1. Could you please let me know if residue 220 is touching a residue at least 24 places away in the same chain (Cβ under 8 Å), surrounded by fewer than 16 Cβ atoms within 10 Å (Cβ to Cβ) and closer than 28 Å to residue 347 by Cβ?
2. In segment 36-48, what residues are in contact (Cβ under 8 Å) with a residue 40 or more places away in the chain, more than 8 Å from the ligand (Cβ to nearest atom) and not in a loop (DSSP other than H, G, I, E, B)?
3. I'd like the full set of residues that are farther than 16 Å from residue 295 by Cβ and assigned to a helix (DSSP H, G or I), limited to segment 323-344.
4. Taking residue 177, is it modelled with pLDDT of 95 or more and buried (at least 16 other Cβ atoms within 10 Å of the Cβ)?
5. Could you tell me which of the residues 308, 272 is free of Cβ contacts under 8 Å to residues at least 60 places away in the same chain and under 30 Å from the mean Cα position of the chain (by Cα)?
6. Can you run down the residue pairs with Cβ atoms below 8 Å, 6 or more apart or on separate chains, where the first is in segment 56-74 and in contact (Cβ under 8 Å) with a residue 40 or more places away in the chain and within 15 Å of residue 25 (Cβ to Cβ) and the partner is assigned to a loop (DSSP other than H, G, I, E, B) and within 9 Å of the ligand (Cβ to nearest atom)?
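The values are calculated or read from the model by the stated rules, or taken from the named source; none is laboratory data. Bear in mind the structure is a predicted one, so any value in this text is a computation, not a measurement. Here Cβ is always computed from backbone atoms with ideal geometry, including for glycine, and neighbour counts include all displayed protein chains.
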Ligand SMILES: [Zn+2]
């Protein structure tokens, strides 16, 4: 069965299947919950299920022609609204074309399905415009709104959709998926799964970036008497590289196809949006680094206090954590929290981390 692919979301899947079984799928469904837990997959399976002709009615059969077409992305009644151009905004024009298409009868399926992969990327005018669509839904359209930030949507949009809540994945699920998708020692997969807070996207980014290696290397050096000033000088180079990488990634993702035809004004606006997006991405990186430092010292503290290895997140480094020297771990955790507040207040990150390293070394 098709919803079987959506792991660990028993409550959400049960709700969706009940709506399908009773033939009471509303016009708007809001799939919300953390990133990387299966919301998009569930939306794709729901799109398949409403137009499936071969199943029991409460799931997709995965074998009929409509199911196969949807799976391959060429069912004419299933449309994805993905924020692409211009700093990933869904604008009024995009909603206009949704309205236009939604008012037409389905080509071949039972319903026209519109999947908003990042519904929170609708800007304010687009949301107001879309609200009218939800108030008087044209034809038999089904809108699947997917978001990790439901609060970025107008309360009136939220209240007009049936809400489907998604929770974190179990660590065992994340570990198993990681072992399927990446070449990793089992021990590392277990540690990353514990650190990922049940979010597959986060687990993959932890595997694919070197943030964790850098954090562990620094904590080891600080614990064995390396000069925090030397450590922070080196770390400044790492931060600069991450900043540059964030800028490059944003440029690559937001380059519009029609850049040659853009007005000067549009080009400047695009540049501003790119800068803002790069800053946001870099800050997510900084927050992840702080989170990793925090887990490390929390692990050391828990291990010293309770000896319970099962509660350790960085369980692939148990040997080192077991031998961690005595120290004021509460104070170190407070210093990390302070650094987080400073980063949130946009203080210079190099200085914030240098001060932090002095406190962690003490
Ligand atoms: Zn089917």
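1. yes
2. Just the residues of segment 36-48 that are in contact (Cβ under 8 Å) with a residue 40 or more places away in the chain, to begin with: 36-40, 42-48.
Retained after the next criterion (residues that are more than 8 Å from the ligand (Cβ to nearest atom)): 36-40, 42-47.
Matches in segment 36-48: 39, 40, 42, 43, 44, 45, 46, 47.
3. Selection gives 331, 338, 341, 342, 343, 344.
4. Details: modelled with pLDDT of 95 or more: yes; buried (at least 16 other Cβ atoms within 10 Å of the Cβ): yes.
So residue 177 fits the description; yes.
5. Details: 308 fails: under 30 Å from the mean Cα position of the chain (by Cα).
Step by step, each of 308, 272 is checked, and only 272 is free of Cβ contacts under 8 Å to residues at least 60 places away in the same chain and under 30 Å from the mean Cα position of the chain (by Cα).
6. From segment 56-74, the pairs are 59/52; 60/52.
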